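The values are calculated or read from the model by the stated rules, or taken from the named source; none is laboratory data. Just so you know, these numbers come straight off a predicted model, no measurement behind them. Every residue, glycine as well, gets a Cβ built from its backbone with ideal geometry; the counts of neighbours run over all protein chains shown.
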Amino acid sequence: MKKLIIFVLFLSFSFISFAQESESFQMPSITLKDMDGNTINTSELKNDGKPLIISFWATWCKPCVNELSTIAENYSDWQDETGVKLIAISIDNSRTSNNVKPFVNGKSWDYEVLLDVNGDFKRAMNVNTVPHTFLFDGNMKLLNQHTSYAPGDEIKLYEKVKSAAVSSK
Amino acid sequence: MRIKFSLLYFLILISSASFAQVLQNSQINGSFQIDGQYYQTDSAIGAYAPAQDIDLMGFGNLTFTNGPFTAGVRYESYNNAIVGYDQRYNGSEIVHRYAQYNNDGLDITIGNFYEQFGNGLIFRSYQDWSLGYDNAMDGIRVVFEPTKGIRLKGAYGKQRFFYENGPGIVRGIDGEISINDFLSNYKESWSSKKLKTVLGASVVSKYQKDNDPLRKLPENVLAYALRANINYNDFFLLSEYAYKYNDPSTGNGLIYKPGNALYLVSGYSKKGIGLTVSGKWIDNMNFRSDRAAVLNDLSINFLPALPKEQTYRLATLYPYGTQSNGEFSGKAELYYRFQPKTKLGGKYGTQINLSSSMVQSIDTDSATSKEFGPKSNFLTPGDERYFRDVNFEIEKKISPNFKGSAQYIYTEYNKNVIEGKVGADYVYAHINIIEFYYKINTTHNIRTELQHLFTDQDKKNWVMALIEYSIAPHWFITAYDEYNYGNEKSKERIHYLNGNIVYAFGSNRISIGYGKLRAGLLCVGGVCRVVPASSGLTFSITSSF
């Protein structure tokens with residue numbers, strides 16, 4: 001009997017993976033705040049048919065800050081060329097979350113930043129460690145995930161953004 | 001037998017077909033992590049291999065989503081928990097399971113859940129694998145948004161305590177109104193007003209039976225909190241006040257006085273500059289669902305520590321952990337960017353970060369009743385200093401291939417209070433850190449860190465050097481040495497040498513390390529655990545899908 005159950009589960013799993021091939025990602029529905037206190041539901045995250053990057057980070061995470069600072073140097077070019085949008089999800093808890101707005105402004109970043117103070121969105125997206133970056137195409141199909149940051153990763157990411165921008169059209 | 005079998009086969013086909021149909025619009029996500037260590041005994045650093053030589057621990061999360069419906073499980077296995085983790089984690093079990101339905105502004109969860117009210121001063125349930133911390137609730141949670149701008153939450157249940165639930169019942173409600181969002185239901189222009197106000201209030205109550213033969217202990221303990229967040233142009237003010245009725249516990253020495261806390265953060269920020277000034281008062285805010293609980297067990301609330309969260313290795317030698325029985329602290333922080341193509345900004349801009357914090361005891365009247373506890377004077381600092389730090393950091397990109405940062409940190413650390421040790425030194429430490437990044441080509445990179453810690457107390461001076469070679473997007477090869485060269489005992493002037501290789505691909509990461517790890521206090525968000533010295537081979541695999 002046990003074997004049969006496993007078999008059925010396996011069968012259904014293969015159906016899921018089959019179904020998932022063509023479908024857009026079902027973004028979890030979590031209510032977060034932006035840096036000005038506005039409420040945003042994560043199920044509404046999108047970029048009007050253009051590629052979207054969702055990057056999990058924290059003010060205390062050095063590689064995260066490095067990655068976002070490096071992308072920030074070229075972010076306006078990226079936007080002009082591909083229409084890409086980066087949403088930075090801060091997983092700072094209430095110890096440091098109140099400092100995120102001054103931190104982001106102090107770095108002159110132009111990203112949309114959301115505060116995931118108790119890690120609800122992080123857990124729903126199955127993010128174990130930061131930095132963790134998701135890339136979606138214009139139809140919100142999940143193209144790529146990457147954890148950790150090595151200098152140069154942003155170049156690979158941008159190559160993927162460019163091809164996503166072409167295929168989204 | 002044959003009939004039975006074919007019937008079964010038929011049933012499976014049907015059920016798997018309909019099951020598959022349901023699953024057409026479904027999504028399964030998850031994540032895994034495995035951490036292991038192979039120990040070697042190294043008596044010089046006080047590291048002793050346990051009898052089993054190897055410890056392995058890991059977890060797996062599975063989340064199933066179908067439209068508004070979500071269900072998930074979390075399996076954890078500790079055989080055994082790695083040295084430094086709480087050894088009460090022992091064995092393998094499904095420790096977390098829930099089902100959730102979220103539609104049209106109503107969100108209901110049954111089973112395990114995490115939740116936080118406001119800043120968490122009276123309620124925060126969360127999980128942190130690296131700390132071995134999990135006080136998940138087991139019960140029911142309802143979140144309701146009757147109209148745009150209003151959110152009501154109700155939660156009740158018991159808290160996770162290793163493989164069971166704690167003895168106390170925790171229940172709470174929270175209401176929050178975003179004035180602008182709410183009024184924009186009636187007049188659209190409210191959503192674009194410069195003044196944005198969010199108000200919130202919460203009430204939490206815990207119940208635990210009184211089995212004390214001598215004292216009369218309160219079985220129901222109530223706490224409430226009020227908060228207001230105001231944004232105006234480039235200014236903001238966040239505030240929360242919390243009050244807790246009498247709650248004698250092991251953590252507060254069984255005193256009957258009520259507790260309170262105040263948390264204020266004000267700031268100014270616009271592009272290129274960020275400034276915050278924060279203050280925090282805590283008096284007797286130890287709040288747990290078991291009055292006998294100690295350490296990090298069964299906390300209902302979360303009291304954020306104010307001092308800067310340090311990340312560089314030597315700067316983490318003296319981390320601050322919140323004193324829930326009383327502390328008065330303040331912090332100021334400045335981020336400033338000299339823009340590119342200005343005199344001080346140079347070609348690429350220059351980043352400056354400055355911060356300073358101080359934590360004192362709270363002022364109490366000497367005439368105290370033993371039963372009530374010392375009466376404290378609200379918002380008055382006491383004479384004893386717990387912690388102080390000053391941080392100055394400058395970051396600069398020098399050329400397209402070369403960037404670096406320099407940092408100076410001054411720390412005062414009251415070891416007696418923070419680590420609960422009697423007769424320990426009050427530590428004054430000066431830390432210098434230099435970090436460089438050198439880009440060899442688009443994917444090959446070298447990073448180096450040089451750190452020095454100077455102190456006349458505790459274990460005296462330390463030095464550390466690190467070199468990391470990375471090849472994007474997959475490889476990190478790191479070696480570092482921490483050397484306690486200033487130690488008075490020549491036998492304890494030890495090199496803690498470590499090597500580490502990481503391979504990252506997609507959302508997976510594999511790391512293998514070998515070396516000696518010094519004893520220390522690992523703190524995340526002001527919650528700390530003591531990590532003893534260890535030596536040997538460590539490895540870790542993490543994966544999300």
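Would you pick out the residues in region B:253-278 that are outside any loop (DSSP other than H, G, I, E, B) and more than 10 Å from chain A (Cβ to nearest Cβ)? Steps first, answer last, please.
Applying the first criterion (outside any loop (DSSP other than H, G, I, E, B)) to region B:253-278 yields B:259-270, B:273-278.
Residues satisfying the conditions are B:259, B:260, B:261, B:262, B:277.
Any idea which of A:121, A:103 is within 12 Å of another protein chain (Cβ to nearest Cβ), among the aromatic types (Phe, Trp, Tyr), part of a helix (DSSP H, G or I) and within 24 Å of residue B:72 (Cβ to Cβ)? Give the steps one after another, and end with the answer.
Numbers: A:103 fails: within 24 Å of residue B:72 (Cβ to Cβ).
Result of the check over A:121, A:103: A:121.
Just for region A:44-63: of the residues that are touching a strand residue (DSSP E or B) at 6+ places or on another chain (Cβ under 8 Å) and of a type in the set (Gly, Ala, Ser), which one is nearest to the other protein chains (Cβ to nearest Cβ)? Please lay out each step first, then the result.
At the first step, the residues of region A:44-63 found to be touching a strand residue (DSSP E or B) at 6+ places or on another chain (Cβ under 8 Å) are A:45-47, A:50-59.
If we keep only those that are of a type in the set (Gly, Ala, Ser) too, we end up with A:55, A:58.
Details: A:55: 13, A:58: 9 Å.
Filtering region A:44-63 for residues that are touching a strand residue (DSSP E or B) at 6+ places or on another chain (Cβ under 8 Å) and of a type in the set (Gly, Ala, Ser), the one nearest to the other protein chains (Cβ to nearest Cβ) comes out as A:58.
Restricting region B:317-374 to residues that are in contact with an Asp or Glu (Cβ under 8 Å, 6 or more places away or on another chain), of a type in the set (Val, Ile, Thr) and farther than 30 Å from residue A:70 by Cα, which is farthest from the other protein chains (Cβ to nearest Cβ)?
Here the residue is B:362.
Of the numbered conditions (1) in a helix (DSSP H, G or I); (2) of a type in the set (Val, Ile, Thr); (3) touching a Lys or Arg at 6+ places or on another chain (Cβ under 8 Å), residue B:427 satisfies every one except a single condition; which is it?
(1)
Restricting to region B:41-86, name every residue that is within 13 Å of chain A (Cβ to nearest Cβ), touching a Lys or Arg at 6+ places or on another chain (Cβ under 9 Å) and of a type in the set (Phe, Trp, Tyr).
To start, the set of residues in region B:41-86 that are within 13 Å of chain A (Cβ to nearest Cβ) comprises B:58-74.
Next, from what is left, pick out any that are touching a Lys or Arg at 6+ places or on another chain (Cβ under 9 Å): B:59-63, B:71-74.
Within region B:41-86, just B:59 meets the criteria.
Rundown of residues vs (1) more than 14 Å from chain A (Cβ to nearest Cβ); (2) more than 26 Å from the chain's Cα centre (by Cα); (3) surrounded by fewer than 18 Cβ atoms within 10 Å (Cβ to Cβ), yes/no style:
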residue: B:447; (1), (2), (3): no, yes, no
residue: B:457; (1), (2), (3): yes, yes, yes
residue: B:466; (1), (2), (3): no, no, no
residue: B:470; (1), (2), (3): no, yes, no
residue: B:481; (1), (2), (3): yes, yes, yes
residue: B:489; (1), (2), (3): yes, yes, yes
residue: B:505; (1), (2), (3): no, yes, yes
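Which residues, counting only those in region A:130-156, are within 11 Å of chain B (Cβ to nearest Cβ) and over 12 Å from the mean Cα position of the chain (by Cα)?
Once the filter is applied, which keeps residues that are within 11 Å of chain B (Cβ to nearest Cβ) and over 12 Å from the mean Cα position of the chain (by Cα), region A:130-156 yields A:148, A:149, A:150, A:151, A:152, A:153, A:154, A:155, A:156.
Tally the residues that are within 17 Å of residue A:82 (Cα to Cα) and of a type in the set (D, E, K, R), restricting the search to region A:118-169.
Of the residues in region A:118-169, 8 are within 17 Å of residue A:82 (Cα to Cα) and of a type in the set (D, E, K, R).
Of the numbered conditions (1) touching a helix residue (DSSP H, G or I) at 6+ places or on another chain (Cβ under 9 Å); (2) loosely packed, with under 15 Cβ neighbours inside 10 Å, residue B:33 fails exactly one; give the number of that condition.
(2)
How about region B:425-446: which of its residues are modelled with pLDDT of 95 or more and charged (D, E, K, R)?
Hits for region B:425-446 are B:435, B:439.
Mind checking which residues of region B:98-146 are acidic (Asp, Glu) and closer than 16 Å to residue B:158 by Cβ? Walk me through how you get there before you give the answer.
Of region B:98-146, the ones acidic (Asp, Glu) are B:104, B:107, B:115, B:128, B:134, B:138, B:145.
B:115, B:134, B:138 - these are the residues of region B:98-146 that are acidic (Asp, Glu) and closer than 16 Å to residue B:158 by Cβ.
Does residue B:398 qualify as being crowded, with 18+ Cβ neighbours inside 10 Å and either modelled with pLDDT under 95 or of a type in the set (A, V, I, L, M) (or both)? If you could, list the steps in order and put the result at the bottom.
Details: crowded, with 18+ Cβ neighbours inside 10 Å: no; either modelled with pLDDT under 95 or of a type in the set (A, V, I, L, M) (or both): yes.
Here the answer is no, as residue B:398 does not meet what is asked.
Looking only at region B:219-229, which residues are more than 16 Å from residue B:284 (Cα to Cα) and either among the aromatic types (Phe, Trp, Tyr) or more than 25 Å from the chain's Cα centre (by Cα) (or both)? Please lay out each step first, then the result.
Within region B:219-229, the first condition is being more than 16 Å from residue B:284 (Cα to Cα), and the residues that meet it are B:219-220, B:226-229.
Result: B:219, B:220.
Answer yes or no: is there a residue in region B:104-125 that is surrounded by fewer than 16 Cβ atoms within 10 Å (Cβ to Cβ) and among the polar types (S, T, N, Q). Talk me through it step by step, then tell me what you get.
Here is the first cut: in region B:104-125, the residues surrounded by fewer than 16 Cβ atoms within 10 Å (Cβ to Cβ) are B:104-106, B:108.
Adding the requirement that they be among the polar types (S, T, N, Q) leaves none.
No, region B:104-125 contains no residue that is surrounded by fewer than 16 Cβ atoms within 10 Å (Cβ to Cβ) and among the polar types (S, T, N, Q).
State which residue is nearest to the other protein chains (Cβ to nearest Cβ) when the search covers only region B:279-311 and only residues that are more than 15 Å from the chain's Cα centre (by Cα) and of a type in the set (Asp, Glu).
So the residue we want is B:283.
Considering each of A:94, A:148 in turn, give the residue that is under 30 Å from residue B:123 (Cβ atoms) and in contact (Cβ under 8 Å) with a residue 12 or more places away in the chain. Write out each step before concluding.
Details: A:148 fails: under 30 Å from residue B:123 (Cβ atoms).
Every option except A:94 fails the conditions.
Give the residue, chosen from B:416, B:391, B:377, B:353, that is in a helix (DSSP H, G or I) and either within 26 Å of the chain's Cα centre (by Cα) or not hydrophobic (A, V, I, L, M, F, W, C) (or both). Spell out how you get there, then give the answer.
On the way: B:391 fails: in a helix (DSSP H, G or I); B:377 fails: in a helix (DSSP H, G or I); B:353 fails: in a helix (DSSP H, G or I).
Criteria check complete, one pass: B:416.
Need the failing condition index for residue B:199 against (1) in contact (Cβ under 8 Å) with a residue 12 or more places away in the chain; (2) closer than 30 Å to residue B:255 by Cα, just the number.
(2)
Just to be sure I understand, how many residues within region B:8-47 are at pLDDT 90 or above and of a type in the set (Phe, Trp, Tyr)?
Qualifying residue count, region B:8-47: 3.
Go through B:499, B:404 for me and flag whichever is over 30 Å from residue B:359 (Cα atoms) and either polar (S, T, N, Q) or within 27 Å of the chain's Cα centre (by Cα) (or both).
Exactly one of B:499, B:404 is over 30 Å from residue B:359 (Cα atoms) and either polar (S, T, N, Q) or within 27 Å of the chain's Cα centre (by Cα) (or both), namely B:499.
Would you say residue A:67 is assigned to a helix (DSSP H, G or I), charged (D, E, K, R), surrounded by fewer than 23 Cβ atoms within 10 Å (Cβ to Cβ) and within 14 Å of another protein chain (Cβ to nearest Cβ)? If you could, list the steps in order and put the result at the bottom.
Values: assigned to a helix (DSSP H, G or I): yes; charged (D, E, K, R): yes; surrounded by fewer than 23 Cβ atoms within 10 Å (Cβ to Cβ): no; within 14 Å of another protein chain (Cβ to nearest Cβ): yes.
Answer is no for this residue.
Among what's in region B:82-109 and is among the acidic types (Asp, Glu) and part of a strand (DSSP E or B), pick the residue that is farthest from the chain's Cα centre (by Cα). Show your work before the answer.
Looking only at region B:82-109, we keep the residues that are among the acidic types (Asp, Glu), and these are B:86, B:93, B:104, B:107.
Now drop any that are not part of a strand (DSSP E or B), which leaves B:93, B:107.
Details: B:93: 24, B:107: 26 Å.
Across region B:82-109, the extreme among qualifying residues is B:107.
Somewhere in region B:194-207, is a residue of a type in the set (S, T, N, Q), at pLDDT 95 or above, crowded, with 17+ Cβ neighbours inside 10 Å and in a loop (DSSP other than H, G, I, E, B)?
no
One residue is enough: does region A:87-99 have a residue meeting the conditions assigned to a helix (DSSP H, G or I) and under 21 Å from residue A:158 (Cα atoms)? Steps first, please.
Filtering region A:87-99 down to residues assigned to a helix (DSSP H, G or I) leaves A:97-99.
Next, only the ones that are under 21 Å from residue A:158 (Cα atoms) stay: none.
No.
Can you name the number of the only condition in (1) in the same structural domain as residue B:350 (by TED's automatic domain parsing); (2) assigned to a strand (DSSP E or B); (3) hydroxyl-bearing (Ser, Thr, Tyr) that residue B:366 fails?
So the condition that residue B:366 fails would be (2).
Give me the residue from region B:118-141 that is assigned to a loop (DSSP other than H, G, I, E, B) and more than 10 Å from every other protein chain (Cβ to nearest Cβ) and, out of that set, nearest to residue B:94 (Cα to Cα). Full working, then the answer.
To start, the set of residues in region B:118-141 that are assigned to a loop (DSSP other than H, G, I, E, B) comprises B:118-123, B:126, B:132, B:135-136.
Narrowing further to those that are more than 10 Å from every other protein chain (Cβ to nearest Cβ): B:122-123, B:132, B:135-136.
Details: B:122: 28, B:123: 25, B:132: 16, B:135: 15, B:136: 13 Å.
The qualifying residue nearest to residue B:94 (Cα to Cα) is B:136.
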